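These notes concern the structure reproduced below.
Where a number appears in this text, it was derived from the coordinates with a stated rule and is not lab data. Fair warning: this is a prediction, and the values are worked out from it, not measured in the lab. Because the Cβ atoms are built from the backbone with ideal geometry, glycine has one as well, and the counts that use them run over all protein chains shown.
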Amino acid sequence: MSELPSGGEDVMLPLFPQLLPGLEVLERGVDEVQIGLDPRHGVVASGLPPSVIEALRSIDGRTTVHSLLALAESEHTEQLRDVLTGLTELGLVSEADPPTHSAEPGVEAGLWSLRSGRDQSRIKARRAHCAVVVRGDGRLAVAIAILLAKAGVGHVEVAAEGTVTEHDVGCGYTDDDIGVPRRKAAAGAVRRSNPATRTGRLVGGDRLPELVLLTDAVVPAPEVVGLLVQDGVPHLPVRVRDGIGIVGPLVIPGRTSCLRCADLHRTELDSRWPRIAGQLAGRPQRADLADVQACAALAVAQTLRVLSPADKPPPVWNATVEIDPYAAKVKHRWWPPHPRCHCGAR
Ligand SMILES: [Zn+2]
């Protein structure tokens, strides 16, 4: 665990400081505290008098920075200011949401700001302006949609066909949804997750989504993929194939390799692949709940990275990430643009 560095002079302290969700001020000794557990971001501050430690333990997002500074004895105020500045500079302390926002249900940016190096309030604001379509007729679509809603994505449309069956329930659809059109039941599940999320139709509307997730079918329907490529809409396949969750490759038309690139690579490995793919196209494959949940979580984290374009390219850029919950393994597979594909990615 590294020692807390002194904060820079140009760091502005938050008016209502709060620790990132999940972090605590933990005592290591009489004059030493630790904030954060993971060695990649956790820090230790030592040589602290009791009044400074008490003030740090009082950071709750509702106490102003001035009240916190007043908790330290006057000769230790500057030391407390230094610690707060260091924590703010590292992103471990940030400005609390205004009370009106924190009363809203649902939105969870969590420790994302620590991983991405971006401010929590900016992450939330950006997500709130994003629209995502989840297109799939199985468990993955609804599992992903409710996580995206909870993460604060402003508009989440589940474009699902057919009606809910007993094989769909367990990760969003309920027993009461059986027999209800999937699109309607999924919109209900999204609103239960976050009532502020918009769920109306984006497909065919004026507003193009930032991303379309193609879920549940091992091979996405070619006509759906064709339209997305034609309209230049980024898309991300997500499926569970024989117990292995597979996310990617992310397709940004003209920039990354496309699903036809991947098909050409597959066909080089197995000349009969087109015939197999033809039989699977557009058909959801049933999957166990644990595999669905693991795959959905991976897909949502990658989606949230795609929605934050300042980040470096996500791991699903020209690649798939495969998660095998049974063997507890995660594998990355590279799918570069194919020389015989005309998608322009090369
Ligand atoms: Zn291509």
*For segment 118-132, take each phi angle, set θ = phi - 60°, evaluate the Karplus expression 6.51 cos²θ - 1.76 cosθ + 1.60, and give the result in whole Hz per residue in order, putting x for glycine and proline.*
10, 5, 4, 5, 5, 4, 5, 5, 5, 4, 4, 8, 8, 10, 10
*Pick out which of ALA141, ALA159, ALA96 has the largest mean-square fluctuation in a Gaussian network model of the chain, springs linking Cα atoms closer than 10 Å.*
ALA96
_Need one number: % antiparallel among DSSP beta bridges in the chain, to the nearest 5._
60 percent
*What area, in nm² and to one decimal, does the C-alpha convex hull of the chain cast on average over all directions?*
20.3 nm²
*Assigning unit charges at the beta carbon (Lys, Arg +1; Asp, Glu -1) and nothing else, what dipole magnitude in debye, to the nearest 20, does the chain show about its Cα centre?*
1960 debye
_Which of ARG198, ARG127, ARG139, ARG28 has the fewest Cβ neighbours within 10 Å, and the rest in rising order_ = ARG28, ARG198, ARG127, ARG139
*From the backbone phi of segment 133-139, what are the Karplus-calculated ³J(HN,Hα) couplings (6.51 cos²θ - 1.76 cosθ + 1.60, θ = phi - 60°) in whole Hz, Gly and Pro given as x?*
9, 10, 10, x, 10, x, 5
*Could you check which residue among VAL83, VAL11, VAL238 shows the biggest mean-square fluctuation in a GNM of the chain with a 10 Å Cα cutoff?*
VAL11
*Under a 5 Å amide H to amide H cut-off, with H placed in plane at 1.01 Å, what residues pair with VAL134 once short-range neighbours are removed?*
GLU157, VAL158, ALA159, LEU213
*May I ask you to sort GLU166, GLU32, GLU210 by Cβ crowding, counting other Cβ atoms within 10 Å and putting the fewest first?*
GLU166, GLU32, GLU210
*At GLU89 and ASP288, where each label point lies 7 Å from the Cα along Cα→Cβ, what is the point-to-point distance in nanometres?*
4.9 nm
*So what is the calculated 222 nm ellipticity per residue for the chain, using -39500 (n - 2.57) for each DSSP H run with n of 4 or more, over all residues, to the nearest 500 deg cm²/dmol?*
-10000 deg cm²/dmol
_Could you tell me what a quarter of the Cα convex hull surface of segment 8-95 works out to, in nm² with one decimal place?_
5.3 nm²
*asked:* Counting other beta carbons within 10 Å of each residue's own, what order do MET12, MET1 fall into, fewest first?
replied: MET12, MET1
*Max mean-square fluctuation residue, GNM over the chain, Cα-Cα springs under 10 Å, options GLY47, GLY86, GLY138*: GLY47
*How large is ³J(HN,Hα) for each residue in segment 54-66, as worked out from phi by the Karplus curve 6.51 cos²θ - 1.76 cosθ + 1.60 (θ = phi - 60°), to whole Hz, x for Gly and Pro?*
4, 4, 5, 6, 9, 5, 9, x, 10, 9, 5, 4, 5
*Other-chain or far-sequence residues with amide H under 5 Å of GLY154's (modelled H)*: ALA128, HIS129, CYS130
_Set LYS150/LYS184; LYS124/LYS184; LYS124/LYS150 screened for pairs whose C-alpha atoms are more than 21 Å apart_ = LYS124/LYS184
*Could you list which residues have their amide H under 5 Å from that of VAL240, counting only those 5 or more apart in sequence or on another chain, with H placed in the peptide plane?*
ASP216, ILE246
*Where Rh denotes the Kirkwood radius from the mean inverse Cα pair distance, what is Rg over Rh for segment 254-346?*
0.99
